[in-house]
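As structure tokens, the structure follows; a few thoughts come after it.
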Amino acid sequence: MKARLLTGIDALASRDATSNPEPLIARVQAPAVLPNDVKANLSGCFVIGNATGSLAKERVEVQLVSLSCVDFDERSVVDQPIKGFFVDTDGKKGLSGRVVTRAGAALARSFITGTISGMSQSVENTFGDTSVSPLGTVRSLDAGDAAKSGIAGGLSKSSDKLTDFYLDLARQAGPIVEVGAAKDVVVVIQEGVALEIKPTAGSKF
């Protein structure tokens, strides 16, 4: 049955996306076409699904969750779990979208802070005199060298923390697949289901 998305989506295309899918809602636009050209009038019903992004396919995969309908004339309601998926206008399973990544700036900053950390460690080790004794390598520092080495060491450690922060930020800003609202789709019901009509409060049933 033909439907139209009521909401757009920015679906995560990371490893964690399958454990945290995004909800997606579509409105049925035409009667459902059943086998042997039998039609069921489900126009206006809402179809709800769970969506995740697929970076390899550059598509949003949708697993249907429920079908909800309200008949105002008869004051009855249908709220039925269903299994199925969305098909795009190109006839392929899933919704084609645009892959967007916002991790570039965070990765660039992590590179810069990592470089500063490495340079600071190199500078820190240049201060003082190093000598070898039976107890191992000993580095002696005067007051001036100790202050400079401390500054370089502090800069190195703070740069390491910033590097970890930007890398974590880059992981959270992983690639997404964008699909806009008002997109026309086809709803495919994967398994047969009997729609149960439930009278609402005040119904004449």
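The values are calculated or read from the model by the stated rules, or taken from the named source; none is laboratory data. Computed from a prediction, not measured in an experiment: that's the story for all the values here. Note that we place each Cβ from the backbone using ideal geometry, even for glycine, and neighbour counts take in every protein chain shown.
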The number of residues in segment 167-184 that are within 21 Å of the chain's Cα centre (by Cα) and at pLDDT 75 or above is 11
Criterion first (under 41 Å from the mean Cα position of the chain (by Cα), small (Gly, Ala, Ser) and either modelled with pLDDT of 70 or more or not in a strand (DSSP E or B) (or both)) does Ala147 satisfy it?
no
Tell me, yes or no, whether segment 114-135 has at least one residue that is within 30 Å of Ala13 (Cβ to Cβ) and modelled with pLDDT of 65 or more.
yes
For segment 54-63, indicate whether the set of residues that are in the same structural domain as Leu12 (by the TED database), at pLDDT 70 or above, hydroxyl-bearing (Ser, Thr, Tyr) and farther than 30 Å from Gln172 by Cβ is non-empty.
no
Among the residues listed as Lys157, Lys204, the single one being farther than 27 Å from Thr7 by Cβ, at pLDDT below 70 and out of contact with any Leu (no Cβ under 6 Å at 6 or more places or on another chain):
Lys204
